[in-house]
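Single-structure report; data block below.
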Amino acid sequence: MKLFKYLPAVLALSCAAFTTGALAQAPIVIKFSHVVANDTPKGRGTLRFKELAEKATGGRVKVEVYPNSTLYKDKEELEALQLGAVQMLAPSLSKFGPLGVKEFEVYDIPYIFPNKAVLHAVNDGPIGKELFRKLEPTGITGLAFWDNGFKEMTANKPLKTPADFKGLKMRIQSSKVLDAEMRSLGANPQMLAFSEVYQAMQTGVVDGSENTPSNIFTQKHHEVQKYLTVSDHGYIGYAVVTNKKFWDGLPADIRTALEGAMKGATTYANAVAQQDNDKALEDIRKSGKTIVTQLTDAEKAEWRKAMLPVQKQMESRIGKQLIADVNKEAASQGFK
Ligand code: LMR
């Protein structure tokens, strides 16, 4: 009888205990959204981060990866991050201009990086730090820089000289520097989300584009582009970013573990990036669907000359000093 009297209270208490226990054990979920395939440098880096983060936190953190724009496209993913609908992204460096942090577009200046050593020195030095500092007021914290690689040009006609670009509709990412770059070649830049490029090529909305071999191959752009020119005229890399409020609100031990996981994922992503791009270029060649041509040094010099005015034109947008500092880094490594 007595037991019956107290049964509701006992039940309520054990329910509460169960709920609190379950809550205490509920993992922190990180939704990591991106726009490329899993078998690309960014795709692999993201999966490695998931593996390392879950291991380092003993399962207290669960990383859900959403590749290939399955959750959000380019512009939406940045808005979703700011709103806290996702916790991590790795947009290309060309996509931060619309947020108001135009300085990121320095990475888009044609031929400004002679190689990855110069690029890494810029990322790891005061310029990289300052770029991440400029992100903070937008509610976004920068965690790491990840490589993809150098860009090549594709179209349905051969592209050997700057004159070949005249009048072509060329897809670009959301960067004013890339807009200026295409105009310097006499092309008409068309800004499109990454997920829309294949169809735009297929239907003739655009005639061509620029991208890394790994992106071109995994999105099957080579099936709807007859020519690819290995020009290495620009670079695509990523800033891995998180929602600042989310990141600052994490328990300190979890944040430290995630920082370690990010370090491991960064080393891995940067190590596989070149291999992925070399293999993708080979796969494009082997597909027989696209004719791949390499620019000679003389042809490259012509392209460089045609695109050089972009540096001056973009000084007022991204800062004369910043462009000079990147050039200085290249000079210090023996490049003019
Ligand atoms: C593009 O839009 O072409 C690239 O930025 C996609 C990516 O994330 O590599």
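The values are calculated or read from the model by the stated rules, or taken from the named source; none is laboratory data. Since this is a predicted model, take the numbers as computed values, not measurements. Every residue, glycine among them, receives a Cβ derived from its backbone with ideal geometry; neighbour counts consider all protein chains shown.
Miscellaneous remarks
- With respect to the conditions (1) assigned to a helix (DSSP H, G or I); (2) in contact (Cβ under 8 Å) with a residue 60 or more places away in the chain; (3) away from the ligand (no atom under 16 Å from the Cβ), Glu181 lacks only one, and its number is (3).
- Glu152 vs. criteria under 21 Å from Leu281 (Cα atoms) and among the charged types (D, E, K, R): yes
- Residue among Val224, Val205, Val197, Val230 that is at pLDDT 95 or above and within 14 Å of the ligand (Cβ to nearest atom): Val197
- Neighbours by Cβ (under 8 Å, 6+ apart or cross-chain): first from the range 219-232, on the phi < 0 side of the Ramachandran plot; second surrounded by fewer than 19 Cβ atoms within 10 Å (Cβ to Cβ) and part of a helix (DSSP H, G or I): Gln219/Tyr198; His221/Tyr198; His222/Ser287; Glu223/Ser287; Val224/Tyr198; Val224/Gln202; Ser231/Lys300
Quick grid of which residues meet (1) within 14 Å of the ligand (Cβ to nearest atom); (2) of a type outside the set (A, V, I, L, M):
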position: Tyr72; (1), (2): yes, yes
position: Glu77; (1), (2): yes, yes
position: Gly84; (1), (2): no, yes
position: Ile112; (1), (2): no, no
position: His120; (1), (2): no, yes
position: Asn123; (1), (2): no, yes
position: Lys134; (1), (2): no, yes
position: Leu143; (1), (2): no, no
position: Lys151; (1), (2): yes, yes
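- Filter result (surrounded by fewer than 20 Cβ atoms within 10 Å (Cβ to Cβ) and either within 20 Å of the chain's Cα centre (by Cα) or within 16 Å of the ligand (Cβ to nearest atom) (or both)) within the range 52-66: Glu64, Val65, Tyr66
- Ser174 satisfies every condition listed in (1) of a type in the set (Gly, Ala, Ser); (2) crowded, with 22+ Cβ neighbours inside 10 Å; (3) within 18 Å of the chain's Cα centre (by Cα) except (2).
- Filter result for Lys289 (in a helix (DSSP H, G or I), away from the ligand (no atom under 16 Å from the Cβ) and basic (Lys, Arg)): no
- Number of the exception - Pro189 against (1) within 21 Å of Val101 (Cβ to Cβ); (2) in a helix (DSSP H, G or I); (3) out of contact with any Ser or Thr (no Cβ under 9 Å at 6 or more places or on another chain); (4) within 16 Å of the ligand (Cβ to nearest atom): (2)
- Residues satisfying the stated conditions in the range 82-101, i.e. touching a residue at least 40 places away in the same chain (Cβ under 8 Å) and either in contact with a Gly (Cβ under 8 Å, 6 or more places away or on another chain) or not in a helix (DSSP H, G or I) (or both): Gln82, Gly84, Ala85, Val86, Gln87, Met88, Leu89, Ala90, Pro91, Ser92, Leu93, Phe96
- Boolean, Tyr72 is within 15 Å of the chain's Cα centre (by Cα) and not in a loop (DSSP other than H, G, I, E, B): no
- Condition met for Gly139 (free of Cβ contacts under 8 Å to residues at least 60 places away in the same chain and on the phi > 0 side of the Ramachandran plot): no
- Residue-level check: of (1) within 30 Å of Val106 (Cβ to Cβ); (2) at pLDDT 95 or above, Glu54 misses just (1).
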